[in-house]
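What follows is a short report on a single structure.
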Amino acid sequence: MRYGTQVTLEEPFGQAVARVRAALADQGFGVLTEIDVTATLKAKLGEQIEDYMILGACNPPFAYQALAVDRSIGMLLPCNVVVRAAAEGTLVEALDPQVMVTLTGTAGTQAGGRRGFPAAGGRARRAHARGRPAMTGAGDMIHHRPRQGRWYHRSPHGTYTP
């Protein structure tokens, strides 16, 4: 079952974390929490894993809109963005907001959950044009596919459209 979206960045982990933070800020998201999973597992269990960071991001207008419909949606906040090292680069993963809408089953959340997301696509393209990964509010990622030299929109289902 796919419940998120993923993009691979061809750069070191530290640079990728900085780019993700900048892309989130460009779209009005603040990082409320930062969990260094690698350091935590090393300190608490003595276990070593790849570089792995969880950023808890929040866009106050989106959060307020969702909480106005269903106060319990706070259990799903903040929105976690995972940045982790992989053999092919650095992976950036985020939960598909449509999954959150499905979890709540609230019609108001479904209607409200989509508002503002088309505008986020434009912000995402601008952020990525400045050399940053970009995620829209709808959980999609906008990125450049170097082989084709074009901008593509990657849906949560893994399909690409120009």
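The values are calculated or read from the model by the stated rules, or taken from the named source; none is laboratory data. The structure displayed is predicted, hence computed values, not measured ones. Cβ coordinates were reconstructed from backbone atoms using ideal geometry, including for glycine residues, and neighbour counts include every protein chain displayed.
Of the candidates Thr109, Thr90, Thr38, Thr102, the single residue that is part of a helix (DSSP H, G or I), among the hydroxyl-bearing types (Ser, Thr, Tyr), at pLDDT 90 or above and surrounded by 12 or more Cβ atoms within 10 Å (Cβ to Cβ) is Thr38. For the range 49-71, which residues satisfy the criterion of being modelled with pLDDT of 95 or more, surrounded by 14 or more Cβ atoms within 10 Å (Cβ to Cβ) and among the charged types (D, E, K, R)? Result: Asp51, single match. When Gly139 is tested against the conditions (1) buried (at least 18 other Cβ atoms within 10 Å of the Cβ); (2) at pLDDT 90 or above, the lone failure is (2).
Annotation: Val7 fulfils all but one of (1) over 14 Å from Asn80 (Cα atoms); (2) not in a strand (DSSP E or B); (3) not basic (Lys, Arg); the unmet one is (2). Is it the case that Val81 is at pLDDT 95 or above, out of contact with any Pro (no Cβ under 7 Å at 6 or more places or on another chain), surrounded by 19 or more Cβ atoms within 10 Å (Cβ to Cβ) and outside any helix (DSSP H, G or I)? Yes. Screening the candidates Thr40, Thr33 for the property of being in contact (Cβ under 8 Å) with a residue 12 or more places away in the chain and of a type in the set (S, T, N, Q) yields one hit, Thr33. Arg19 falls short on exactly one of the conditions (1) in a helix (DSSP H, G or I); (2) within 22 Å of Leu103 (Cα to Cα); (3) of a type in the set (Lys, Arg), and that condition is (2). Only a single item in (1) assigned to a helix (DSSP H, G or I); (2) more than 22 Å from Gly89 (Cα to Cα) is not met by Leu32, and it is number (1). Just to be sure before I move on: is Gly46 surrounded by fewer than 14 Cβ atoms within 10 Å (Cβ to Cβ) and under 17 Å from the mean Cα position of the chain (by Cα) in the structure I sent? Against the criterion (surrounded by fewer than 14 Cβ atoms within 10 Å (Cβ to Cβ) and under 17 Å from the mean Cα position of the chain (by Cα)), Gly46 does not qualify.
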